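> I have a structure I would like to understand better, so I am pasting it below and will then ask my questions one at a time.
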Amino acid sequence: MDFNKRSLSPLEADIILGMVEKDLATIDNPTARRWIGRGGKTVSRLLNSLQDKGWLERLGRGTFALIPPERGPEALGDGNPLALAWASVSPAYIGWWNAAAFHHFTTQHPVQITVATTRAHRRRIISGEEVRYVALPSQKYFGFSDEVLYGRPLQVSDREKTIIDCIDRPSLCGGYTELSRILWRGAQELDWD
């Protein structure tokens, strides 16, 4: 049986082992440059090589997520696009329809991942899912909590903020019909005090 083994050069090993040792889920170019003491082009080539070999998954320009060694020689992907989308920009939280699904306010699978952030970003495809970034003014950027989904950390709008966000932007939660379902299910679980 022929396996596609994930190999590492010494510099690549420094990056991967450093991420594992520091329990980092993501890495960017400046961090990798500090660790290995090399220039930007060398680090970019190394990170791209690690992506090609199945050790990293690209989240955005110069930012990558670790595909842990315990995933084996076949380099099975993450399978957690919400956490990867959240990790692709900072600050950020998962909101609207995705947060409603996370809190079990809807049974529908959102057609895209919607991430709230404080500045504009272009749409991306991460783990085969379309990710839309919605820039919020500072007065609307609140009401989220730290969660863990399939072993990866992320921030998701809390139950109350999810409802507020969906009312504020129904187009981001599946439209008015889906909003009414989210409100009906959410009303039974919200803290009204």
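> Report the FRET efficiency, 1/(1 + (r/R0)^6), for Val111 and Val20, where r is their Cβ-Cβ distance and R0 is 25 Å, rounded to 0.05.
FRET efficiency, Val111 to Val20: 0.10.
> Name all residues of the stretch 86-115 having a backbone nitrogen under 16 Å from the label point set 7 Å from the Cα of Leu190 along its Cα→Cβ direction, giving them as ranges.
96-97, 99-101, 103-106
> Rounded to a whole number, what % of the accessible area of the stretch 98-193 do carbon and sulfur atoms account for, probe 1.4 Å?
The C+S portion of the solvent-accessible surface of the stretch 98-193 is 52 percent.
> Just one of (i) 1.39; (ii) 1.04; (iii) 1.09 is Rg/Rh (Cα atoms, Kirkwood Rh) as worked out from the coordinates here. Which one is it?
After the calculation, the listed value that fits is (ii).
> While we're on this one: Let's test the formula: R0 of 25 Å, r as the Cβ-Cβ distance of Ser90 and Thr177. What FRET efficiency results, to the nearest 0.05?
0.15
> If the chain between Leu149 and Ile167 were fully stretched, how many nm would it gain, using 0.36 nm times the residue separation less the Cα-Cα distance?
4.0 nm
> Spin-label point model (7 Å from Cα, Cβ direction): what's the Thr42 to Arg61 distance in nm?
About 2.4 nm separates the two model spin labels.
> While we're here: What do you get for the angle between helix 159-168 and the principal long axis of the chain? Use alpha-carbon atoms, 0 to 90 degrees, nearest ten.
Its long axis makes an angle of about 70 degrees.
> If you look for lysine pairs in the chain that are eight or more places apart or on different chains, how many of them have Cα atoms under 27 Å apart?
Value for the chain: 7.
The values are calculated or read from the model by the stated rules, or taken from the named source; none is laboratory data. Computed from a predicted structure; not experimentally measured. Backbone-built Cβ (ideal geometry, glycine too); neighbour counts: all protein chains shown. For accessibility, only protein heavy atoms count, side chains too; no ligands or nucleic acids. Shrake-Rupley method; radii C 1.70, N 1.55, O 1.52, S 1.80 Å.
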